[in-house]
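The values are calculated or read from the model by the stated rules, or taken from the named source; none is laboratory data. Since this is a predicted model, take the numbers as computed values, not measurements. Cβ placement follows ideal geometry from the backbone for every residue including glycine, while neighbour counts extend to all protein chains displayed. SASA here: full protein model, heavy atoms, side chains in, ligands and nucleic acids out. Shrake-Rupley method; radii C 1.70, N 1.55, O 1.52, S 1.80 Å.
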Amino acid sequence: MADLLNVDTALEQILAGIAPLDAETLALHNALGRVLAADIVADVNIPPFPNSSMDGYAVRAADVAQVPTALQLVMDIPAGSAPATPLLAGQAARIMTGAPLPAGADAIIPVENTDTRFVPGEESALPSQVTVLKTSKAGDYVRPVGEDFHAGHRLLAAGRVLRPQDIGVLAALGRALVPVIRQPRIVVLSSGDELLDAHEPLTPGKIHDVNGYTLAASVAQLGAIPLRLPTASDMLEAIRALFHAALAQQPNAIISSAGVSVGSFDLVRTVLAELGQVNFWKINLRPGKPLAFGMLQGVPFFGLPGNPVSALVTFDVLVRPALLKMSGKPVSTPTALAVVAEPLRSDGRRSYLRVTLERQGEKLVARSTGTQSSGALMSMVRADGLLIIPEDIYEVAAGTELRVRLFKSLEEIV
Ligand code: AMP
Ligand code: MG
């Protein structure tokens, strides 16, 4: 297999040519799942004022050292109001959760620790006094300034994929606009005389274009934007027109499938040579040995194999990391170790076997999904992941532990 390019070397070469995209400004409500493009440093304290964590009465703790004690009720502080006068000795203020403490007050007595009884029907009227039954010390039920965070603190680091709680912090700071990395715009192309679109009825000799859909879906799953173009036939002019149409979209990358194996190879190669610098690689990987990668007028180009499983596996192994890097996201793949249930054969290439996963005690057990034909898409549909058989291995004994690229989270595996 010395003539074949190692998968890791290929990925390194691909990633070397890819840089994160620049930033755009988004409305905060559209920022979920996007990658923060700048550090977020607090410019205010939150909460900005000391406030009550309970419905009750704001008091001076010194006044309630001995209980029961009656205090004169001098004001009502609903949430959203700002008390204008300070609280003097012997006084209390009725206060709602989240409302600011008046100057002079330093503790809250929860309403259940008082015996203020309202005249039925007059609950909104302020009684003239409140009897405190249980003491509070200074600071009790008070949320101090900056309890959540202080001005000057870095709250969110650039590169973070925004979650609902992160959006909340930005909202608390009053950042209605947020800088995020642009979503990569990725053209997905299919070509082949045999291809019909999903809405067209099958005719003799034809098949539906699968890769156009699976690759666009794979792009979208990463948070990038797939741009689809009509399928081209296997004619030089049609393929040339297709690639010109692709470049006219000013995409951040172009992904095509088929036409990189011997056969239709020359047509695609002719067009690619006109448009840029493309390497045709034979990669030490199964399924999907042939792969083209290069730059077309400055746009990264991936030419994936035509067989639907090969297209998806090479996308996962070689294109996904590139799109993650472009998106400013961590280039990582969820994997786990699994025990092989049955003996397996390989051909010495690094093989990505479609497997189901099952939990047996502490271990994950991997089983082939059945036919591993690179055209049999159901092998991917049934799969919980791709079992990686390393290079130069021809036989794997049952019970061997190998790494699996996961299609679902570990918690979903039963
Ligand atoms: P090629 O690389 O053009 O020789 O294609 C290899 C295999 O993949 C052939 O069986 C093609 O029919 C099939 N194929 C190519 N493109 C697609 C596609 N977009 N959807 C489904 N199958 C395809
Ligand atoms: Mg073809």
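A few remarks follow.
- With respect to (1) outside the structural domain of ILE255 (by TED's automatic domain parsing); (2) open to solvent by 60 Å² or more (accessible area, probe 1.4 Å), the lone exception for PRO127 is condition (2).
Here is a yes/no grid of residues against (1) without any contact (Cβ under 8 Å) to a residue 60 or more places away in the chain; (2) outside any loop (DSSP other than H, G, I, E, B):
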{"position": "ALA93", "(1), (2)": "yes, yes"}
{"position": "GLY121", "(1), (2)": "yes, no"}
{"position": "PRO127", "(1), (2)": "yes, no"}
{"position": "LYS134", "(1), (2)": "no, no"}
{"position": "ASP166", "(1), (2)": "no, yes"}
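- Subset of region 87-102 (residues that are open to solvent by less than 40 Å² (accessible area, probe 1.4 Å) and either modelled with pLDDT under 95 or closer than 26 Å to ILE46 by Cβ (or both)): LEU87, ALA93, ARG94, ILE95, GLY98, ALA99, PRO100, LEU101, PRO102
- Applying the criterion of at least 2 residues that are open to solvent by 40 Å² or more (accessible area, probe 1.4 Å) and either within 16 Å of ligand 1 (Cβ to nearest atom) or under 21 Å from VAL219 (Cα atoms) (or both) to the strands (runs of 3 or more DSSP E) found wholly in region 245-358 leaves 276-282.
- Among the residues of region 208-229, not one is on the phi > 0 side of the Ramachandran plot and either within 8 Å of ligand 1 (Cβ to nearest atom) or surrounded by 18 or more Cβ atoms within 10 Å (Cβ to Cβ) (or both).
- ILE77 meets all of the listed conditions (1) crowded, with 20+ Cβ neighbours inside 10 Å; (2) touching an Asp or Glu at 6+ places or on another chain (Cβ under 9 Å) but one, namely (2).
- Some residue of region 375-395 being hydroxyl-bearing (Ser, Thr, Tyr) and either farther than 29 Å from GLY223 by Cα or not assigned by TED's automatic domain parsing to the domain that holds GLY223 (or both): yes
Here's the yes/no breakdown for (1) under 30 Å from LEU177 (Cα atoms); (2) at pLDDT below 95:
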residue	(1), (2)
ALA2	no, yes
ASP43	yes, no
GLY56	no, no
THR69	no, no
THR85	no, no
GLY104	no, no
